[in-house]
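The block underneath contains the structure these notes are about, expressed in structure tokens.
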Amino acid sequence: MIFVRALSASELGKIRDIDRTEEIRVGYRQEGTGLIEMSVRWNDSGWVEGDGEHSFGQMIRGAEELLALDGTAIGAFDGDLLVGIAIYRPRLTETMGQLGLLHVSDGHRRQGIASRLYKEVVRLARDDGATALYVSATPSGSAVGFYLDQGFQPTDSPHPELLAEEPDDIHMMLEL
């Protein structure tokens with residue numbers, strides 16, 4: 001049985017439990033508020049040990065940075081194993097929160113875990129008085145499809161800092 005609870009900063013090393021591997025056959029490119037669907041052959045082999053690009057060290061540092069901005073980490077557990085994580089950052093702008101991170105392990109996807117984590121982020125954002133939620137989504141069919149299903153729409157005015165950090169991502173907003 002999967003249970004969801006808040007994660008402390010000291011538990012962020014459990015990100016190593018998450019298996020991010022995925023074979024991606026549909027990708028997207030954003031042009032304004034439009035999405036261009038592409039046939040792709042991206043094989044994401046998951047995060048690697050170390051501190052470089054696409055590493056557990058980089059992911060943990062990014063999670064720590066979000067928590068330092070008054071963020072909240074939420075974990076989904078199968079026993080002691082972290083199988084999903086979401087991080088909510090309040091006040092990306094005065095009225096907008098950010099879904100800064102959402103990942104579910106291979107083997108645990110399509111079981112409603114991402115939806116449970118997402119719904120908790122929306123609850124936190126509403127409790128904070130946010131009127132919108134922002135996400136910078138990996139341009140894969142699964143990620144973009146999930147966010148579109150939740151009601152997010154591509155924005156033609158992406159957050160400048162997030163666009164600079166993740167120019168290939170799909171930048172989306174949800175009105176709360």
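Compute the distance in nm between two label points, each set 7 Å from the Cα along the Cα-to-Cβ direction, one at T21 and one at R110.
That separation, rounded to one decimal, is 1.7 nm.
Hey, if you put +1 on the Cβ of every Lys and Arg and -1 on every Asp and Glu Cβ in the range 38-176, which of S136, F77, Y88 ends up farthest toward the positive end of that dipole?
F77
Quick check: from the Cα gyration tensor, does the range 2-175 come out rounded (a/c under 1.5), prolate or oblate?
The shape class here is rounded.
Quick check: pseudo-label points 7 Å beyond the Cα along Cα→Cβ at M38 and L69, how many nm apart are they?
Here the answer is 2.6 nm between the modelled labels.
Each reported figure results from applying straightforward, stated rules to the coordinates on display, with no laboratory input. Since the structure is predicted, the reported quantities are computational estimates derived from the model, not experimental observations. Positions of Cβ are generated from backbone atoms using ideal geometry, with glycine treated the same way; all protein chains shown enter the neighbour counts.
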